[in-house]
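Comments concern the structure below.
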Amino acid sequence: MMRHGPAPHALLAALLALGAPAALAQTAAPAGEGGEAAAENPIKCTISGYDVVLTNIGAETLPEGTVLDWEVRFARLDGQHILHAPLPPEGMVYMVAALGATYLRDTTPCTGAIAPEPPPG
């Protein structure tokens, strides 16, 4: 079978040389697959137009007051959300217009995590 176009590694090098976001070059398994990723980070972040959706993919309910971080590197946007009620497994938090005037496709990479607790003092 004949391959047309540049080899994948050449294309990747070209993208990075042109300043493409590093997220285009990353190939990580989605959180929640294999069980280990969900245990380490029970938050899945997805994009829906102007909105950010955070889903609890862990086995435990997250308590009220938990701070969730999210980031969309491609758009250079990030933020936090404080849970105002417990978030059960598979529960979702919709942050309407969290991306402001930036409209993104649902395939845009987004990361979410439970914020680290601040040091005492």
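The values are calculated or read from the model by the stated rules, or taken from the named source; none is laboratory data. Values in this document were obtained by computation on a predicted structure and should not be read as measured data. Cβ placement follows ideal geometry from the backbone for every residue including glycine, while neighbour counts extend to all protein chains displayed.
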Does the stretch 76-100 hold any residues that are over 13 Å from Asp51 (Cβ atoms) and in contact (Cβ under 8 Å) with a residue 24 or more places away in the chain, and which are they? Gln80, Pro86, Leu87, Pro88, Pro89, Glu90, Gly91
Considering only strands (runs of 3 or more DSSP E) fully contained in the stretch 57-121, which possess at least 3 residues that are buried (at least 16 other Cβ atoms within 10 Å of the Cβ) and at pLDDT 95 or above? 67-72, 111-114
Matching residues in the stretch 66-117 (more than 21 Å from Pro42 (Cα to Cα) and of a type in the set (D, E, K, R)) number 2
